[in-house]
Amino acid sequence: MSQQTFESYEEFWPYYVAMHSRAATRWVHLTGTLTGLALTTYGLARGRKRYALALPLIGYGTAWPAHFLIEKNNPATLGNHAWSLRGDAQMIRMMLAGRDGELADTAARWLAENR
């Protein structure tokens, strides 16, 4: 699939979710992001500034391989950095709220309309 362009975050969001169409990919994202966030918070609370690197290293370090190995696509981050961070936060909030099925439906709808 070629690089997509979007006029707004609202237009980008369904695409972002579609690039995470498999539940395993979404759960790897959630696990990596929350682990990185926990280590960053712990490190900063202990005065260890280098722990701030845990969030991007663990977050991206787990998420990107999931795209290549599970989804068989490229991360949506490429070319859409700010919106991807926002999308990741929104996706994780929805998952923690028990709305993973809604994400699966959004992904399936976008993929059906755009493939």
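The values are calculated or read from the model by the stated rules, or taken from the named source; none is laboratory data. Everything quoted here is computed from the prediction, not taken from an experiment. All Cβ positions, even for glycine, are placed from backbone atoms using ideal geometry, and neighbour counts span all protein chains on display. Areas reflect the complete protein model, heavy atoms only, side chains present, ligands, DNA and RNA absent. Shrake-Rupley method; radii C 1.70, N 1.55, O 1.52, S 1.80 Å.
Looking across A104, A89, one residue alone is under 15 Å from T25 (Cα atoms), open to solvent by 40 Å² or more (accessible area, probe 1.4 Å) and not in a loop (DSSP other than H, G, I, E, B). It is A89.
Within segment 73-86, the set of residues being closer than 11 Å to M19 by Cβ and either among the charged types (D, E, K, R) or assigned to a helix (DSSP H, G or I) (or both) comprises just one member, S84. Any chance you could count how many residues in segment 92-101 are assigned to a helix (DSSP H, G or I) and open to solvent by 20 Å² or more (accessible area, probe 1.4 Å)? Total meeting the criteria: 4.
Yes or no: T35 touching an Asp or Glu at 6+ places or on another chain (Cβ under 6 Å) and touching a residue at least 12 places away in the same chain (Cβ under 8 Å)?
On the way: touching an Asp or Glu at 6+ places or on another chain (Cβ under 6 Å): no; touching a residue at least 12 places away in the same chain (Cβ under 8 Å): yes.
When the stated conditions are applied, T35 does not pass them.
Just one of the numbered conditions (1) assigned to a helix (DSSP H, G or I); (2) open to solvent by 50 Å² or more (accessible area, probe 1.4 Å); (3) more than 18 Å from G98 (Cα to Cα) is not true of A66: (2).
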